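The values are calculated or read from the model by the stated rules, or taken from the named source; none is laboratory data. Quick caveat, the model's predicted, so the values are computed rather than measured. Methodologically, a virtual Cβ is constructed for each residue, glycine included, from the backbone with ideal geometry; neighbour enumeration extends over all protein chains shown.
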Amino acid sequence: MQESYHPHEVERAAQQNWQERDAYRVVENATNPDGSLKPKFYACSMLPYPSGKLHMGHVRNYTINDVMARQLRLRGYNVLMPMGWDAFGMPAENAAIKSQVPPAKWTYDNIAYMKKQMNAMGLAIDWSREMCACDPDYYKWNQWLFLKMLEAGIAYRKTQVVNWDPVDQTVLANEQVIDGRGWRSGALVEKREIPGYYLAITKYADELLEHTQQLDGWPERVRTMQENWIGKSFGVRFAFTHTIRDDAGQLIQDGRMYVFTTRADTIMGVTFCAVAPEHPIATQAAQSNPELAAFIEKCKLGGQSEADIATRDKEGMPTGLFVTHPITQQAIPVWVGNYVLMSYGDGAVMGVPAHDERDFAFALKYQLPIQQVIQVGDQVFSDTKWQDWYADKDNGVTVNSGDYSGLSSTEAIDRIADYLKQQGLGEKKTTYRLRDWGISRQRYWGTPIPIIHCEDCGPVPVPEKDLPVVLPEHLIPDGSGNPLNKDEDFLRCQCPSCGKDARRETDTMDTFVDSSWYFMRYASSNNNEAMVDARNEYWMPMDQYIGGIEHAVLHLLYARFWTKVMRDLGLVKFDEPFTRLLTQGMVLNHIYTRRTPQGGIEYFGPDQVDNIYDDKGNIIGARLKSDGSEVNYDGIGTMSKSKNNGVDPQHLIDEMGADTARLFIMFASPPEQTLEWAESGIDGANRYLRRLWNFAYKHQEALKQGAGQAIPADLDTKAKDLRREIHAILKQADYDYQRIQYNTVVSGAMKMLNTLDHAQLEANAAHHATLAECFSILLRVLYPVVPHITWKLWTDLGYHEHFGDLLDAPWPEVDEAALVADEITLTLQVNGKLRGSLTVPADADKTAIEQAAVAHEAAQRYLEGKAPKRIIVVPGRLVNIVVG
């Protein structure tokens with residue numbers, strides 16, 4: 001073997017060997033040499049968006065997966081680790097606008113580069129199963145299942161309120177609206193009502209919620225997030241009656257304004273109602289009130305997500321209209337509130353300022369009445385300052401509520417619900433925070449929705465035989481809307497029903513559709529006749545899913561929903577897709593920004609700036625290296641392409657090798673915890689690998705001679721001590737691998753090398769066999785983390801001749817007998833103070849230990865020929881001689 005460690009030569013040799021052998025191609029029903037079936041294990045990372053380059057966040061995610069896959073393969077599992085590309089979406093369109101190249105070319109070029117980087121990292125990926133969301137052979141099945149959902153009534157078309165960017169001429173997702181402006185253009189976002197397609201995920205709300213409790217292999221935090229997003233609530237839906245009429249003289253909504261509340265016990269404290277800006281009552285009132293009309297238009301600007309609503313200043317304006325309280329018959333003023341969403345419930349809420357913190361603040365701001373109707377103990381109510389007990393549902397009693405006073409919350413809700421039902425005004429109802437999934441996007445780079453619009457027949461599904469509806473890949477967006485609307489070759493078609501000229505739907509599907517089932521396509525790759533096949537039943541449900549916490553709600557929820565739909569359509573037999581979930585911590589780095597003249601946000605990489613520090617050494621800003629202009633410092637945040645703060649691992653690989661990058665990223669932090677990027681740990685990782693190589697080179701003859709040799713039964717103390725330490729660390733490493741604590745696995749491997757370095761073995765067969773066994777354990781423990789250097793050492797030292805190639809070598813077994821020590825060392829104390837150590841046989845009884853302690857020279861100095869007053873023996877730890 002070479003004297004010095006040259007990572008690039010080592011990694012090139014290893015990767016060439018693996019590639020020539022097609023070492024990572026996986027087949028179903030793989031068997032052991034004796035013909036028995038290997039247990040399967042499907043470990044999968046959330047697929048990346050092909051943004052151009054991997055960053056260290058990607059490296060961490062995929063290395064965690066790779067470590068798991070390699071270690072389980074050593075344990076005899078048939079392990080699948082695939083990879084694909086979440087290739088549709090807005091970033092490709094934005095890049096196309098900027099560079100004037102089609103999104104397809106940009107995407108495919110990025111995929112090629114990122115795939116090259118993944119291979120350079122030595123990832124054990126079965127590339128024969130690779131999928132790409134923008135491949136017609138893949139998105140054909142998005143379209144096919146959409147048509148099946150249409151037939152089953154799960155997919156449907158309705159008008160939707162969307163965020164509209166008037167500059168980019170496109171719909172924005174809620175997270176793309178920043179401070180009321182489009183994230184790219186900086187334009188004020190508008191609300192528009194346009195038709196779109198929805199998937200009825202709410203039909204599965206109860207099952208999704210129920211099955212969340214069964215996901216024992218998921219982090220409790222993620223299960224809670226799923227439950228909260230589904231948001232099952234028990235309450236009362238009831239109507240405030242009114243006489244408000246539209247221009248045609250008809251009662252709006254038949255004279256009933258419905259609300260839903262979980263706190264019907266507070267109904268006697270209603271002092272106002274608020275409706276969404278799009279509510280019919282608001283629209284009617286605005287016709288004769290220009291000021292209100294202007295306020296409503298203002299409300300329509302900005303995002304409409306719950307996050308937007310939660311952080312937005314609560315503003316309102318009275319309509320001048322009133323509804324009637326269903327019990328007291330009092331006139332209740334109706335306000336328009338910017339915090340009320342038309343898409344939630346009935347677009348109206350009852351205002352109970354005394355017992356809802358948001359309503360309390362609203363009432364104070366607009367000087368509305370605050371009427372206490374709940375009392376907790378002897379607490380004193382004040383209508384000038386909110387106190388948390390005002391909202392206490394469990395300990396409160398109704399007051400100032402007429403016939404309903406003196407009741408607990410549950411009693412009041414039951415009686416009030418009964419009364420409203422008797423009056424025909426309402427009833428108890430279960431509602432969900434979850435809303436049906438709107439999948440229509442007015443964008444080009446996505447799966448075409450397989451619908452044809454005919455003037456006579458209306459929307460008509462594309463026949464299955466005509467799938468896929470292929471997205472043209474040559475178009476270049478220019479920022480003026482969806483280019484499909486201008487592409488006659490795509491638009492022109494014939495109606496499948498009547499044969500007349502018709503037009504294709506130009507909306508494309510939400511990219512969450514692409515990621516809702518890709519993991520099953522890995523299992524059923526290259527089947528052009530079916531979405532999934534029997535191979536899917538072999539691999540699924542997935543044994544381990546790995547991805548960031550930012551996907552803990554929508555992606556996972558949609559994937560679970562998609563799986564249940566496929567089950568109900570007879571395509572799969574399982575209920576849940578992911579048995580275990582690991583949400584790895586994000587890799588963090590500094591973020592630097594500046595507002596563009598249009599109001600958008602421009603991000604700068606840490607390598608583009610020089611930091612500005614205060615007198616305590618804290619970063620308070622930065623200047624661009626290019627021109628010295630100031631930019632904002634926004635603290636530490638997740639590495640991402642969009643924030644321009646990712647660290648490209650290629651530089652690190654080029655300089656020190658992939659194994660150094662892998663070792664650092666696994667050692668720096670437990671997988672589930674965040675990791676703040678720091679260059680300082682890189683050198684330490686590289687030094688360790690060089691120490692490992694140097695040890696093997698120095699002891700190569702002994703290691704080669706001892707490889708595969710049986711361990712003699714009559715080992716001397718030096719060899720026994722070495723084996724005991726190595727097998728003890730191996731036992732801990734076994735445990736750490738099982739609990740996915742790879743940082744402590746690396747720590748254990750470092751201890752193993754230290755132990756080997758300090759072992760003073762002699763040049764004899766017994767010691768050679770011991771050294772070779774211990775080093776083979778170290779190589780196998782370390783191999784999943786740094787596969788290149790360990791494979792090369794394994795091969796160069798001849799271990800493969802005895803145990804086979806390292807990829808499929810047997811995982812080392814802990815020798816329990818080696819853990820049993822012949823002798824133990826105890827701390828020796830005199831009058832409680834440390835005076836030395838005492839070595840005794842491991843099976844020595846209390847009397848023997850006492851005799852050895854008294855005979856010890858350190859004890860004799862203090863006893864001065866006298867007998868000890870008392871001797872205290874703590875088994876396995878210490879002996880304390882008490883001198884009188």
Residue hits (the range 337-377; outside any helix (DSSP H, G or I), charged (D, E, K, R) and buried (at least 19 other Cβ atoms within 10 Å of the Cβ)) are Asp356
So, first residue under 20 Å from Ala239 (Cβ atoms) and touching a residue at least 12 places away in the same chain (Cβ under 8 Å) in the range 402-417, second residue of a type in the set (Gly, Ala, Ser) and assigned to a helix (DSSP H, G or I), Cβ within less than 9 Å, six or more apart or across chains; the pairs are Tyr404/Ala412; Ala412/Ala264; Ile413/Ala264; Ile416/Ala264; Ala417/Ala264
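Find the helices (runs of 4 or more DSSP H) located wholly in the range 741-846 whose residues include 2 or more that are in contact with a helix residue (DSSP H, G or I) (Cβ under 7 Å, 6 or more places away or on another chain), and list them.
Counting at least 2 such residues, we get 742-758, 765-782, 787-796.
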Just one listed residue, out of Thr674, Thr660, is under 26 Å from Tyr799 (Cβ atoms) and either assigned by TED's automatic domain parsing to the domain that holds Pro606 or in contact (Cβ under 8 Å) with a residue 40 or more places away in the chain (or both), and it is Thr660
When restricted to Ala719, Ala769, the only residue touching a His at 6+ places or on another chain (Cβ under 9 Å), crowded, with 18+ Cβ neighbours inside 10 Å and closer than 29 Å to Ile824 by Cβ is Ala719
Does Gly438 meet the test of being in contact with a Gly (Cβ under 9 Å, 6 or more places away or on another chain) and under 24 Å from Asn528 (Cα atoms)? no
Among residues of the range 315-336 being in contact with a Phe, Trp or Tyr (Cβ under 8 Å, 6 or more places away or on another chain) and within 19 Å of Gln423 (Cα to Cα), the residue surrounded by the fewest Cβ atoms within 10 Å (Cβ to Cβ) is Ala331
Would you call Glu537 over 28 Å from Val59 (Cβ atoms) and in contact with a His (Cβ under 7 Å, 6 or more places away or on another chain)?
-> no
Turns out the strands (runs of 3 or more DSSP E) fully within the range 548-663 with at least 2 residues that are among the aliphatic types (A, V, I, L, M) and at pLDDT below 95 are 587-595, 609-613, 619-624, 630-638
Tyr5: passes all of (1) touching a helix residue (DSSP H, G or I) at 6+ places or on another chain (Cβ under 9 Å); (2) within 21 Å of Arg535 (Cβ to Cβ); (3) surrounded by 21 or more Cβ atoms within 10 Å (Cβ to Cβ) but (2)
**Request:** Determine whether Glu455 is among the charged types (D, E, K, R) and either in contact with a Phe, Trp or Tyr (Cβ under 9 Å, 6 or more places away or on another chain) or not assigned by TED's automatic domain parsing to the domain that holds Val167 (or both).
**Result:** no
When the range 521-547 is checked residue by residue, the ones that are outside any loop (DSSP other than H, G, I, E, B) and touching a strand residue (DSSP E or B) at 6+ places or on another chain (Cβ under 9 Å) are Arg521, Tyr522, Ala523, Tyr538, Trp539, Met542, Gln544, Tyr545, Ile546, Gly547
Q) Does the range 20-38 contain any residue that is in contact with a strand residue (DSSP E or B) (Cβ under 8 Å, 6 or more places away or on another chain), part of a strand (DSSP E or B), over 22 Å from Gly547 (Cα atoms) and at pLDDT 95 or above? A) yes
Considering the range 48-98, residues that are among the aromatic types (Phe, Trp, Tyr) and at pLDDT 95 or above, and then whichever is nearest to the chain's Cα centre (by Cα), we arrive at Tyr62
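Listed here are the residues, each with its yes/no results for (1) within 30 Å of Thr63 (Cβ to Cβ); (2) crowded, with 22+ Cβ neighbours inside 10 Å.
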| residue | (1), (2) |
| --- | --- |
| Leu692 | yes, yes |
| Gln709 | no, no |
| Lys731 | yes, no |
| Asp736 | yes, no |
| Tyr742 | yes, yes |
